[in-house]
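One structure is given here, and the rest of the page talks about it.
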Amino acid sequence: MCAVYILLLNGSVLHIIIPVNTNPADLPFPSSSSLHNPRFFINFAKNHAVMANQELTEQEIVRRNSMQALRDRGIEPYPAAEYKVTGHTAEIKENFSDDLTPPREVAVAGRIMSRRIMGKASFMELQDADGRIQIYVSRDDLCPGEDKDLYNVVFKKLLDIGDFIGVKGFVFRTKTGEISIHAQELTVLGKSLRPLPIVKMKDGKAYDAFTDPEQRYRRRYVDLVVNPGVREIFVKKTKMFNSMREYFNSHGYLEVETPVLQSIPGGAAARPFITHHNALDIPLYLRIANELYLKRLIVGGFDGVYEFSRNFRNEGMDRTHNPEFTCMEIYVPYKDYNWMMDFTEKMLEKICLDVNGSTEVKVGDNVISFKAPFRRVTMTDAIREKTGFDITGKSEEELRAFCKEHGIEVEDSMGKGKLIDEIFGETCEGDFIQPTFITDYPIEMSPLTKRHRNNPDLTERFELMVNGKELANAYSELNDPIDQYERFVEQMRLADKGDDEAMIIDADFIRALEYGMPPTSGMGIGMDRLCMLLTGQSTIQEVLLFPQMRPEVKAKAENAEEDEKESGKEN
């Protein structure tokens with residue numbers, strides 16, 4: 001092992017500390033005057049693999065030496081010039097024809113993923129964004145002149161698995177039937193200084209597979225390179241967003257943007273992240289929802305608005321929750337929640353077809369059908385069906401007693417709405433595997449929802465349950481400013497009891513409603529959860545490119561342990 005450290009003092013002079021077992025004669029130090037020139041240290045770090053507080057493995061040292069050897073030969077390992085690509089792996093294979101004369105000439109670029117080095121001819125596998133293709137490299141075709149160093153030295157000795165290269169040549173089929181590219185030119189495009197965790201097979205057993213979830217999430221860039229199925233998840237996620245946008249745009253609705261930093265964290269019952277605006281000298285909150293701003297735009301006269309909103313909730317993390325997530329919310333005037341159910345199930349059927357080519361997806365052991373229409377059942381009926389308990393007209397004390405009797409954990413700060421939500425979540429939610437609209441929630445659970453037209457104790461709200469989890473939430477929106485104010489006051493009462501997720505009164509939103517908002521239906525859908533369903537994933541981290549993780553502390557802990565051992569020896 002080798003450790004080299006680089007320190008910056010006073011913003012100018014760089015000091016390099018070399019381990020004691022290093023021979024100073026082996027270091028390329030020039031005259032002492034150069035030691036006061038920061039540019040010397042920058043070049044030294046660049047050319048001799050100086051890394052900050054990092055121990056280099058033997059392979060990493062070899063690769064850095066290869067990088068320098070390339071430069072010594074006049075080959076820049078990180079060239080700036082454009083490399084013009086004329087084909088991609090999947091397209092090249094798809095369009096190949098054995099009858100094409102002369103054969104197609106292409107220029108491809110990507111990573112070296114495997115090599116079989118032989119004598120005057122070798123093979124390697126090149127990976128680009130679309131897949132992999134075999135490259136045939138002949139020494140005399142790559143180096144037609146007297147100088148064979150490009151093949152004998154650069155290709156065979158100085159290039160490594162993971163390096164980016166460009167290859168120009170013609171497409172052909174090998175004797176074994178594999179479509180390949182016969183290389184005629186090779187260009188180094190980017191040197192890889194760390195070895196990739198390439199899977200090796202022996203006796204049917206895989207070695208060095210990059211499968212540890214924590215490492216995969218921390219180093220997603222490596223995960224994407226060596227685990228091809230991961231890339232497909234995020235390709236499908238983009239298709240999902242595009243399909244939903246197409247559906248909304250085809251109905252004439254407008255995509256908008258609303259503030260991420262908000263003075264009041266409104267639109268949902270959740271604990272916010274708090275920050276401070278220095279210029280205005282006020283506290284601000286990362287948004288927990290964009291609902292109240294989108295409703296303001298309906299007040300302003302838009303005929304339907306939607307937003308893909310990055311939301312932040314300072315709450316727990318598990319297999320289906322992440323503190324930072326994406327939610328889509330849409331609001332359409334002159335509609336109600338019955339219309340929104342029809343709209344939502346048709347939208348999801350379209351998206352599933354666009355992403356997977358089928359209305360069915362397999363998630364674990366369950367095959368879920370997004371073929372419209374979906375089942376609809378009231379929350380009261382759902383709880384009654386599962387437990388025999390009728391929540392209609394029940395007091396807070398009666399609900400709390402039911403929870404205690406059935407071992408449902410609740411807190412003293414919970415009002416009727418939270419208690420009913422806990423009862424449903426613990427006894428019913430997980431049983432709804434096929435898409436099901438749970439409708440007509442008790443009024444205590446829905447402070448932003450219009451009262452039910454037939455029962456003032458209920459609201460015109462639905463949640464879409466799929467695979468045992470909530471996927472979408474929708475209302476006939478409350479547009480009565482007096483009723484809305486009274487609901488906010490009730491939320492503040494819950495906050496006084498200790499509910500830190502209760503909503504804060506948004507006086508400006510009340511003022512907006514006082515100017516008049518038409519009957520409106522709104523719907524929010526968790527985009528990350530939808531992606532989990534469409535790609536068959538069981539954890540939300542699998543559909544987030546860079547999920548939130550605890551800081552890496554392993555190296556610090558190991559160093560502290562070694563220091564403790566050394567201290568013990570000295571004592």
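The values are calculated or read from the model by the stated rules, or taken from the named source; none is laboratory data. Because the structure is a prediction, the values reported are computed rather than measured. Please note: Cβ atoms are built from the backbone with ideal geometry, for glycine as well, and neighbour counts cover all protein chains shown. Heads up: the accessible areas ignore ligands, DNA and RNA and are worked out on the full protein's heavy atoms, side chains in. Shrake-Rupley method; radii C 1.70, N 1.55, O 1.52, S 1.80 Å.
Some notes on this structure:
- Packing rank of 429-442, 360-373, where each peptide gets the mean count of other beta carbons within 10 Å, highest leading: 429-442, 360-373
- Surface exposure of region 349-404, expressed per residue as accessible area with a 1.4 Å probe, stands at 53 Å².
- Cα gyration tensor shape of region 256-413, rounded if a/c is under 1.5, else prolate or oblate by comparing a/b with b/c: oblate
- Chain lengthening between D365 and A279 when straightened (0.36 nm per residue, less Cα-Cα): 25.6 nm
- Beta bridges per DSSP, both residues in region 358-491: antiparallel share near 80 percent.
- Under the simplified labelling scheme, the T101-Q59 pair shows an inter-label distance of 4.7 nm, with each label point 7 Å from Cα along Cα→Cβ.
- For the chain, the square roots of the Cα gyration tensor eigenvalues, ordered a ≥ b ≥ c, give a/c of at least 1.5 with a/b greater than b/c, which places it in the prolate category.
- Close amide H pairs (under 5 Å, H built 1.01 Å from N) link R376 with F437, residues at least 5 positions away or on another chain.
- Folded to 0 to 90 degrees: helix 554-570 orientation relative to the chain principal axis, Cα: 70 degrees
- Between 0 and 90°, nearest 10: helix 416-427 axis offset from the chain longest Cα axis: 60 degrees
- Global form of region 311-384, assessed from the alpha-carbon gyration tensor, a/c cut-off 1.5: rounded
- Accessible surface of the chain, 1.4 Å probe, proportion on carbon and sulfur as whole %: 50 percent
- Solvent-accessible area per residue, Å², over region 150-268 with all protein chains present [probe radius 1.4 Å]: 50 Å²
- Value of relative contact order over the chain, rounded to a whole percent, pairs C-alpha under 8 Å and six or more apart: 10 percent
- Available extension along the chain between V260 and D318 is 18.5 nm, counting 0.36 nm per residue and deducting the alpha carbon span.
- Accessible area per residue in Å² at 1.4 Å probe, computed on region 487-554: 47 Å²
- Note on N338 and T176: the extension gain reaches 52.3 nm, defined as 0.36 nm multiplied by sequence separation minus the Cα-Cα distance.
- Beta bridges assigned by DSSP with both partners in the chain are antiparallel in approximately 90 percent of cases.
- Per-pair calculated FRET efficiency, R0 = 45 Å: E76 and I504 via Cβ, rounded to 0.05: 0.20
- For the pair region 429-443 and region 265-289, the centres of their Cα atoms are 31 angstrom apart.
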